[in-house]
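A short write-up of the structure that comes next.
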Amino acid sequence: MSHSKGAGDDKASAAEQGALFGGAPKAQATPDDKAGHRGRLRERFTNGGADAVPDYELLEMILFRAFPRIDTKPIAKRLLARFGSFAEVVSAPPERLKEIEGIGDRAVQELKLIKTAAERLTRGEIKSRPALSSWSGVLDYLRLAQGFEDREHFRILFLDKKNALIADEVQGRGTVDHTPVYVREVVKRALELSATAIILVHNHPSGDPTPSRADIDVTKQIIDAAKPLGVTVHDHVIVGRHGHASLKSLRLI
């Protein structure tokens, strides 16, 4: 459930209402100050790119549209203090974002827009070339897409005979430490899509991508079921906040 403080950025915030009626908080910058600060941030970003602005200033800029008349720096710093990094902020569930003072629907929408754009960009990169020829790009996409989720998701990348991506589907969503995987359904879907290879993916919300015994066992079951039908399991990748693990690289399959 949303925190009551985060529900109001679709309307004027308390700070904005105060400004409208002459009672703006003392700590709030004047319009000229804010305009100058925003202009300097934009200029620094334009001239120096991403390296010229730290994470909190990048978040400030993202929030400009959601908060056209108030200082977004305190909100950006509160977000980073709670979630720890830029990636974790844009990946956080909407209900948790709204627990932060000042964050409501419009701010959540701006943050989720950034995450979706990043996913589209990285997924576009792996769709334009054989997946196995751009493995680092595949890993970047998978970590962005679900490495910061607070529930386990089971995903499959379906590939054709040239290892080009046919489809990218989330097959199941589970709890903080378990997602049901149905071997028959995995193989059935691969055949429906005429896929000749698949890459299995799931996340560990704990952040530690170390595969469990159950992860290894279900992977071997899928390999055994898929192989006679001409479908190869290239890998099972586990992603988390602190990196990834490949069962193939670990020689567990």
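The values are calculated or read from the model by the stated rules, or taken from the named source; none is laboratory data. The structure presented is a predicted model; accordingly, all values stated were derived computationally and were not measured. Ideal geometry is used to build each Cβ from the backbone, glycine not excepted, and the neighbour counts take in all protein chains shown. Just the protein is used for accessible areas: all its heavy atoms, side chains included, with ligands, DNA and RNA removed. Shrake-Rupley method; radii C 1.70, N 1.55, O 1.52, S 1.80 Å.
Things worth noting here:
- When each of the peptides 178-184, 73-79, 48-54 is scored by the mean number of other C-beta atoms lying within 10 Å of its residues, the order from highest to lowest reads 73-79, 178-184, 48-54.
- Gained length - M61 relative to K248, 0.36 nm times residue gap less alpha-carbon distance: 63.2 nm
- Under a model in which nothing but the beta-carbon of Lys, Arg (+1) and Asp, Glu (-1) is charged, the stretch 95-230 shows a dipole of about 560 debye around its Cα centre.
- Semi-axes of the equivalent ellipsoid for the stretch 43-124, Cα gyration tensor, largest first, Å: 19, 17, 12
- In the chain, a dipole from Cβ-located charges (positive for Lys and Arg, negative for Asp and Glu) runs towards its positive end, and of I253, V89, P211 it is I253 whose Cα lies farthest in that direction.
- Each stretch of four or more DSSP H residues adds -39500 (n - 2.57); spread over every residue of the chain, this sum gives -13500 deg cm²/dmol at 222 nm.
- Angle between the chain longest axis and helix 183-192 axis [Cα atoms, degrees, rounded to 10]: 90 degrees
- Per atom type, the chain shows carbon and sulfur on 52% of its accessible surface, probed at 1.4 Å.
- Per residue accessible area in Å² of the stretch 94-253, where ligands, DNA and RNA are left out and the probe is 1.4 Å: 50 Å²
- Over 30 Å (Cα to Cα) - which of K73/K115; K162/K220; K77/K248; K161/K220; K127/K227 fall in this group: K77/K248
- Placing a label point 7 Å from the Cα of Q221 along the Cα-to-Cβ direction, the residues of the stretch 159-197 whose backbone N falls under 18 Å of that point are 171-175, 177-190.
- Subtracting the Cα-Cα distance of S212 and S194 from 0.36 nm times their residue separation leaves 3.5 nm of extension gain.
- In degrees, nearest ten, helix 31-48 long axis to first principal axis of the chain (Cα): 40 degrees
- For the chain, the longest principal axis of the C-alpha atoms and the axis of helix 135-146 are separated by about 60°.
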